[in-house]
Amino acid sequence: MFRININNQSFLCAKECKVVQAAREQMVKVPCACVGGGCGICKVKVFSGQYEMDKYAKSALSDEEASGGYILLCKAHPLSDLQLELIS
(Lines give C-alpha, C1' and ligand atoms only; values in the text may rest on other atoms or scores of the structure.)
Protein backbone atom coordinates (compact mmCIF):
# COMPACT_ATOMS: atom_id res chain seq x y z
CA MET A 1 0.00 0.00 0.00
CA PHE A 2 1.19 3.47 -0.84
CA ARG A 3 0.23 6.80 0.69
CA ILE A 4 -1.34 9.26 -1.73
CA ASN A 5 -1.39 12.95 -0.75
CA ILE A 6 -3.54 15.32 -2.78
CA ASN A 7 -3.51 18.88 -1.48
CA ASN A 8 -4.49 18.39 2.19
CA GLN A 9 -6.07 14.95 1.75
CA SER A 10 -4.32 11.63 2.30
CA PHE A 11 -5.34 8.03 1.63
CA LEU A 12 -3.86 4.62 0.87
CA CYS A 13 -3.74 2.94 -2.53
CA ALA A 14 -2.51 -0.51 -3.59
CA LYS A 15 -0.37 -0.87 -6.72
CA GLU A 16 -3.09 -2.79 -8.55
CA CYS A 17 -5.71 -0.12 -7.77
CA LYS A 18 -6.27 3.08 -9.71
CA VAL A 19 -5.81 6.21 -7.61
CA VAL A 20 -9.34 7.51 -8.22
CA GLN A 21 -10.82 4.14 -7.20
CA ALA A 22 -8.90 4.14 -3.90
CA ALA A 23 -9.96 7.73 -3.21
CA ARG A 24 -13.62 6.88 -3.77
CA GLU A 25 -13.43 3.76 -1.59
CA GLN A 26 -12.00 5.84 1.26
CA MET A 27 -14.51 8.68 0.81
CA VAL A 28 -11.87 11.19 -0.40
CA LYS A 29 -13.38 13.62 -2.89
CA VAL A 30 -11.33 14.06 -6.04
CA PRO A 31 -12.51 15.40 -9.39
CA CYS A 32 -13.56 12.73 -11.87
CA ALA A 33 -16.21 12.27 -14.51
CA CYS A 34 -15.74 9.60 -17.16
CA VAL A 35 -13.33 7.33 -15.20
CA GLY A 36 -12.10 6.09 -18.58
CA GLY A 37 -9.24 8.44 -19.41
CA GLY A 38 -11.20 10.46 -21.92
CA CYS A 39 -12.20 13.75 -20.29
CA GLY A 40 -9.19 15.02 -18.32
CA ILE A 41 -11.26 16.18 -15.33
CA CYS A 42 -9.07 14.13 -12.95
CA LYS A 43 -5.74 15.56 -14.21
CA VAL A 44 -3.27 16.34 -11.40
CA LYS A 45 0.35 17.44 -11.10
CA VAL A 46 2.81 14.93 -9.62
CA PHE A 47 5.40 16.49 -7.30
CA SER A 48 7.00 13.27 -6.11
CA GLY A 49 6.65 9.54 -6.49
CA GLN A 50 6.54 6.84 -9.13
CA TYR A 51 3.49 5.61 -11.03
CA GLU A 52 2.26 3.66 -14.05
CA MET A 53 -0.42 4.91 -16.41
CA ASP A 54 -2.93 2.79 -18.33
CA LYS A 55 -3.89 3.91 -21.85
CA TYR A 56 -5.81 7.18 -22.10
CA ALA A 57 -7.01 9.66 -24.73
CA LYS A 58 -4.44 12.22 -25.89
CA SER A 59 -7.23 14.81 -25.74
CA ALA A 60 -7.41 14.23 -21.96
CA LEU A 61 -3.63 14.36 -21.36
CA SER A 62 -1.21 15.54 -24.03
CA ASP A 63 2.29 14.12 -24.45
CA GLU A 64 3.64 17.49 -23.21
CA GLU A 65 1.53 17.31 -20.05
CA ALA A 66 2.49 13.68 -19.41
CA SER A 67 6.21 14.44 -19.78
CA GLY A 68 5.69 17.54 -17.60
CA GLY A 69 4.55 15.44 -14.65
CA TYR A 70 0.77 15.39 -15.05
CA ILE A 71 -1.33 12.24 -14.68
CA LEU A 72 -4.97 11.19 -14.80
CA LEU A 73 -6.16 9.79 -11.47
CA CYS A 74 -8.48 7.38 -13.27
CA LYS A 75 -5.57 5.77 -15.15
CA ALA A 76 -2.70 5.99 -12.63
CA HIS A 77 -1.41 3.13 -10.46
CA PRO A 78 1.10 4.06 -7.72
CA LEU A 79 4.52 2.41 -7.56
CA SER A 80 5.48 4.47 -4.48
CA ASP A 81 3.97 7.13 -2.23
CA LEU A 82 2.69 10.06 -4.33
CA GLN A 83 2.53 13.78 -3.65
CA LEU A 84 -0.06 15.31 -5.98
CA GLU A 85 -1.76 18.66 -6.50
CA LEU A 86 -5.18 19.28 -8.01
CA ILE A 87 -5.36 21.60 -11.01
CA SER A 88 -7.74 24.48 -10.40
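Residue pairs whose Cβ atoms lie under 6 Å apart, sitting 6 or more positions apart in sequence or on different chains, and linking a residue in segment 12-32 that is closer than 15 Å to Tyr51 by Cα to a partner that is surrounded by fewer than 13 Cβ atoms within 10 Å (Cβ to Cβ), are Leu12/Met1; Ala14/Met1.
Evaluation of Arg3 against the conditions (1) farther than 20 Å from Ala66 by Cβ; (2) in contact with a helix residue (DSSP H, G or I) (Cβ under 9 Å, 6 or more places away or on another chain) shows that the sole unmet condition is (2). Contact map, segment 67-88: first residue under 14 Å from Gly49 (Cα atoms) and polar (S, T, N, Q), second residue part of a loop (DSSP other than H, G, I, E, B) and modelled with pLDDT of 95 or more, Cβ cut-off under 7 Å, separation 6 or more or different chains; pairs are Ser80/Gly49; Ser80/Gln50; Gln83/Gly49. Taking the criterion of being of a type in the set (Val, Ile, Thr) and crowded, with 17+ Cβ neighbours inside 10 Å, the only residue of segment 47-88 that qualifies is Ile71.
The values are calculated or read from the model by the stated rules, or taken from the named source; none is laboratory data. None of these values were measured; they are calculated from a predicted model. Glycine gets a Cβ as well: all are built from the backbone with ideal geometry, and neighbour counts include every protein chain shown.
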